[in-house]
2 protein chains.
Amino acid sequence: MTMSGGKVDPGGDGRDSGSAKVTELESLRHRVKELEAENAKLLSLISSCQCQQMEVKHDVSVLDPGSLVRRSRKARKRADSIPSHLVSKRYIALKIMYFGKRFYGFSAEAQMEPSVESEIFKALERTRLLVGDKKESNYSRCGRTDKGVSSTGQVIALFLRSRLKTPSGDSEAHVDAKVNERGEYDYVRVLNRALPDDIRVLGWSPAPIDFHARFSCSAREYKYFFWRQNLNLSAMDIAGKKFIGEHDFRNFCKMDVANVHCYTRRVTFFEVSPCQNSHEGAQLCTFTMRGSAFLWHQVRAMVAVLFMIGQGVESVDVIDTMLDTTKIPRKPQYLLASEIPLVLRTCEFENVDFICSSGAAESLRTHFKNESLRYQLESVIFQEALRNCLPVGNEKSSCNGVEKKKKGAVHVPLLSRPTEPSYEERSAKLKSRQQETCHVLLRKHVKGILMR
Amino acid sequence: MTMSGGKVDPGGDGRDSGSAKVTELESLRHRVKELEAENAKLLSLISSCQCQQMEVKHDVSVLDPGSLVRRSRKARKRADSIPSHLVSKRYIALKIMYFGKRFYGFSAEAQMEPSVESEIFKALERTRLLVGDKKESNYSRCGRTDKGVSSTGQVIALFLRSRLKTPSGDSEAHVDAKVNERGEYDYVRVLNRALPDDIRVLGWSPAPIDFHARFSCSAREYKYFFWRQNLNLSAMDIAGKKFIGEHDFRNFCKMDVANVHCYTRRVTFFEVSPCQNSHEGAQLCTFTMRGSAFLWHQVRAMVAVLFMIGQGVESVDVIDTMLDTTKIPRKPQYLLASEIPLVLRTCEFENVDFICSSGAAESLRTHFKNESLRYQLESVIFQEALRNCLPVGNEKSSCNGVEKKKKGAVHVPLLSRPTEPSYEERSAKLKSRQQETCHVLLRKHVKGILMR
């Protein structure tokens, strides 16, 4: 420790810690500048984003004449200051439709916006039907559809505000649901006014207290729409019927080894059928399949293989082979069918009958008819482009999102393709990574103890 | 300064600056955390952005075997280092199709991304067909379509790289364009591989040196698609034919007083006609109109008024009245018809014949057919939703983007509505603002002189 020239030199430690602080200061200042520049860049990118422009345009309905929604923020705060346990609530199931194209899946957990769930909760908050927050609402959902996938029968359950002092909560109420619910909020109408055009509530139902949208579901049905073109429908139907029954579907899904250990599922129904629609000579068809539950990407994987069979590049027997996991323990690599044509059509529950007022139903039907025509119009513009093309030629269409063959590309048989790791291999790898992490943490912990 | 217990107390200054540093450190650390969290949030928002996701998925074609495009960035720089005046170029017109929904208009000038023009220039750069930059290319475009508006016949002109040493540049070449162009780059095919799915080049043509995509255009044709529903087609046809001829269209456009001083335009053709398409009982129809040039929003304004006539809430005579600018010097306020159904169908030029190789044409037809089916499929999902609705009711459709009537809303006759300022009033206001600005600048200038 020395003293010189009126300045204090606090000595070894002091000097080190002093200059260390200065270094850290400089480094932090630099970091802040970097981050601020990055931030400005990101904000500028976002301001150019078109999808951020998509706002809910609907008039938010009134719940009752003294509309909670239209009050000022202050007034809403006062209204919300009624403790939530004093507000009349009831446990409700909602049947939901959505056109999944612009959403990052149904679930809000991935935090990629927008998701269907987050839009629903925005509407629930805007209409004040949600009392308290999501966590307190005992919320559950039937299925987690992926990015781009649509639904006409998703189901969620949660506590919502009720107009009734003693709302009916148990299953006997269903006997005469419509009569019992007289006086209750028209949940369907109220929510549909607050939702964007591509999400709609189709109906609501009182739910028993032990109801869980996922675990109470007895069956799920998916539809996959496609244009027939030259596909061999009967081969696809024969092949698809091989899925019926209980099978190990690990070669027809994306494995989630951390969370899913059993890949056996039951398919109870499968059918290929033409729809009424035809367009410029193309016939619309659909795969319909039902099961208790489906694995991640299961339907799109099944459809991808069915398309190969329909195109004649795989035999119907490949289904049997790929369902035999002792013969094929590793999934061959193949692209999934496109997500846009996939629709979670319906989710079934016992003792749940969805209610919809005739006024709300009429609005729904008008809305769906309008939206259908609106999207149709977009396709018309491409037909006009077709007419404006120069010379006439023979075109081949292949537009079901099947693996596009580049000029000269040859179909590699599924069973000859490179494979992904088996369940056992993935499982072992995960286990060893978990052990590794465990060891690292343990070593740090021991080191920490020794250093004290 | 004191010393106690082995600890040094550096004294007043030392303590203050030391603790000031600590405070600043803490504050900076906190700021870094804040910014990192904010940036993570912004990145997550951006990653959900649909418009950012739309990348060019096509394989970029080779111009010639030693593909300029597929070389590394270094190699490309070497290739580009050939001075642009030594590269063989020619003046070309391109005929362009685009589905305008996701674009902020055709023009890149508004700097809202994406625009059709910016996508085209990306493709021109990627394929190395653009030599030098946009400014050097003598670029011109025929029309500036707005956000959401589509085209099947937009035309642009610019200098592009040529494979020929002495490309034919003058009009006699058109006599036998196909033969003369043997050996030239297949501009249509090359560009279409680099463009996104919703933009296509339909053909190319050598352009005379005095060609200007905008000023050489002799006629433009627009189509507006709509579903017939209950609209009175013959009333709309009678009304629309009143537009034919030379008229002052100031009551049927958005005035741009700074740049446009004459609102007289000539409409040479107008027709309402049904299309072949019908869908679930709805009949598709189209307005077709031709003129030398159209004002900003002119077609959408004309269509909006025609829809009111078709709905029976305005008389066909309102057209005559609104074209009489002495009687109606101020435009009544009314909403424009939606932009999505509007298509700039074709732009006409003398002595320009667009060429398209049969291979490129076949690809185009396949592409348009596929896209048309793909967009159709989206509308199918809403039809499925319709089928899954609960009870059956009578719906009324009104989906042409006409002014939606809210329950109980009454149509206010156009001629009774509030009006916008007249051309003269706007002009006077602009002039006075310009004078005001002039005076302010002058005062500042004088003040600046006096202060020296």
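Miscellaneous remarks
- Residue that is least open to solvent (accessible area, probe 1.4 Å) [pool: residues in the stretch A:268-278 that are touching a residue at least 24 places away in the same chain (Cβ under 8 Å) and closer than 27 Å to A:V380 by Cα]: A:C275
- Test result for A:S205, within 26 Å of A:G148 (Cα to Cα), polar (S, T, N, Q) and buried (at least 16 other Cβ atoms within 10 Å of the Cβ): no
- Residue in the stretch A:238-260 that is closer than 18 Å to A:R144 by Cβ and either within 14 Å of another protein chain (Cβ to nearest Cβ) or out of contact with any Leu (no Cβ under 9 Å at 6 or more places or on another chain) (or both) present: yes
- The condition of being within 20 Å of B:F287 (Cα to Cα), more than 14 Å from chain A (Cβ to nearest Cβ) and open to solvent by 40 Å² or more (accessible area, probe 1.4 Å) holds for B:R265.
- Which numbered condition B:S218 fails, given (1) open to solvent by 10 Å² or more (accessible area, probe 1.4 Å); (2) in contact with a Phe, Trp or Tyr (Cβ under 8 Å, 6 or more places away or on another chain); (3) over 23 Å from B:T286 (Cα atoms): (3)
- Subset of the stretch B:105-116 (residues that are assigned to a loop (DSSP other than H, G, I, E, B) and either of a type in the set (D, E) or more than 7 Å from chain A (Cβ to nearest Cβ) (or both)): B:G105, B:F106, B:S107, B:A108, B:E109, B:A110, B:Q111, B:E113, B:P114, B:S115
- Residues located in the stretch B:361-383, provided they are more than 7 Å from chain A (Cβ to nearest Cβ) and touching a strand residue (DSSP E or B) at 6+ places or on another chain (Cβ under 8 Å): B:H367
- The stretch A:120-130, residues that are in contact (Cβ under 8 Å) with a residue 40 or more places away in the chain and surrounded by fewer than 22 Cβ atoms within 10 Å (Cβ to Cβ): A:K122, A:R126, A:R128
- If you go through the stretch A:188-204 and keep only what is in contact with a strand residue (DSSP E or B) (Cβ under 8 Å, 6 or more places away or on another chain), in a loop (DSSP other than H, G, I, E, B) and of a type in the set (A, V, I, L, M, F, W, C), you end up with just A:L195.
Here's the yes/no breakdown for (1) over 22 Å from the mean Cα position of the chain (by Cα); (2) of a type in the set (F, W, Y):
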| residue | (1), (2) |
| --- | --- |
| A:F225 | no, yes |
| A:K241 | yes, no |
| A:F252 | no, yes |
| A:F269 | yes, yes |
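Let's see how each residue does on (1) at positive phi; (2) open to solvent by less than 10 Å² (accessible area, probe 1.4 Å); (3) assigned to a loop (DSSP other than H, G, I, E, B):
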residue	(1), (2), (3)
B:F287	no, yes, no
B:R290	no, no, no
B:R300	no, no, no
B:V305	no, yes, no
B:I309	no, yes, no
B:E339	no, no, yes
B:L364	no, yes, no
B:S379	no, yes, no
B:A385	no, yes, no
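- Selection within the stretch B:403-452 - hydroxyl-bearing (S, T, Y) and either under 23 Å from B:A258 (Cα atoms) or modelled with pLDDT under 90 (or both): B:T419, B:S422, B:Y423, B:S427, B:S432, B:T437
The values are calculated or read from the model by the stated rules, or taken from the named source; none is laboratory data. All of these numbers come straight from a predicted model, not from anything done at the bench. Don't worry about glycine lacking a Cβ; one is built from the backbone with ideal geometry, like all the others, and counts go over all protein chains shown. Please note that ligands, DNA and RNA were not included when accessible areas were found on the heavy atoms of the full protein model with its side chains. Shrake-Rupley method; radii C 1.70, N 1.55, O 1.52, S 1.80 Å.
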